[in-house]
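Only one structure is covered here, and it is reproduced in the block below.
The values are calculated or read from the model by the stated rules, or taken from the named source; none is laboratory data. Source: prediction; values computed, not measured. A quick note on method: Cβ atoms are made from the backbone with ideal geometry, for glycine too, and the neighbour counts reach across all protein chains shown.
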Amino acid sequence: MPNGTATVLVPSPMPVVLPPPKPDSTGRRRVHVKPPVIHIGSGPKQLRAIQFTNDTGDKARFWLLAVASLLEDGPPGNTDYSNPIVVDANKTLDIRLKPDLGYGDYHYHVYCDAIGNEAEGNSSPGMSCP
């Protein structure tokens, strides 16, 4: 690191995982999105893509309507974000982000068939610019 500088590598795509369900202290099975908030960044440090991996053991349904304005395009065969995008167990959903996104906080929802409920982040999982 000359002169105290370092290169920050932006993962591309950013991995986001829906792990297998785990019981909480009450015995209720839950899925916690990892990471719970995706920090998109800005400029040369902005993420270019996100890859969601469904490791829940059953289908996951992604509602991306609130983040649609951030997305370059939808997955093949799906351009209407008012409907969920179904991702089978052990499969991925790859999305590309538009360049030069402005500031904002956005929420998306993931319903997990494995638990019959939504996955959790900090509350609903979210995306943040930058």
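Here are a few things to note about the model shown:
- Only residues that are buried (at least 19 other Cβ atoms within 10 Å of the Cβ) and assigned to a strand (DSSP E or B) were counted across region 16-30, and they come to 2.
Residue by residue, here is whether (1) surrounded by 15 or more Cβ atoms within 10 Å (Cβ to Cβ); (2) farther than 12 Å from residue 87 by Cα; (3) of a type outside the set (D, E, K, R); (4) in contact with a Leu (Cβ under 6 Å, 6 or more places away or on another chain) holds:
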site: 32; (1), (2), (3), (4): yes, yes, yes, no
site: 38; (1), (2), (3), (4): yes, yes, yes, no
site: 45; (1), (2), (3), (4): no, yes, no, no
site: 51; (1), (2), (3), (4): yes, no, yes, no
site: 56; (1), (2), (3), (4): yes, no, yes, yes
site: 61; (1), (2), (3), (4): yes, no, no, no
site: 67; (1), (2), (3), (4): yes, yes, yes, no
site: 71; (1), (2), (3), (4): yes, yes, yes, no
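Conditions (1) at pLDDT below 90; (2) in contact with a Phe, Trp or Tyr (Cβ under 8 Å, 6 or more places away or on another chain); (3) of a type outside the set (A, V, I, L, M, F, W, C); (4) assigned to a loop (DSSP other than H, G, I, E, B), marked per residue:
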{"residue": "47", "(1), (2), (3), (4)": "no, no, no, yes"}
{"residue": "68", "(1), (2), (3), (4)": "yes, yes, no, no"}
{"residue": "80", "(1), (2), (3), (4)": "yes, no, yes, yes"}
{"residue": "90", "(1), (2), (3), (4)": "no, no, yes, yes"}
{"residue": "106", "(1), (2), (3), (4)": "yes, no, yes, no"}
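- Any hit, region 99-117, residues being within 15 Å of residue 13 (Cβ to Cβ) and in contact with a strand residue (DSSP E or B) (Cβ under 8 Å, 6 or more places away or on another chain): no
- Any chance residue 100 is farther than 17 Å from residue 32 by Cβ and either among the small types (Gly, Ala, Ser) or modelled with pLDDT of 90 or more (or both): no
- Region 83-114, residues that are buried (at least 18 other Cβ atoms within 10 Å of the Cβ) and of a type in the set (A, V, I, L, M, F, W, C): 85, 87, 93, 95, 97, 101, 110, 112, 114
- Filtered residue count, region 109-123, keeping only those that are touching a Ser or Thr at 6+ places or on another chain (Cβ under 7 Å) and under 15 Å from residue 34 (Cα atoms): 2
- Residue list for region 108-128, filter: of a type outside the set (S, T, N, Q), touching an Asp or Glu at 6+ places or on another chain (Cβ under 8 Å) and in a strand (DSSP E or B): 109, 110, 111, 112, 126, 127
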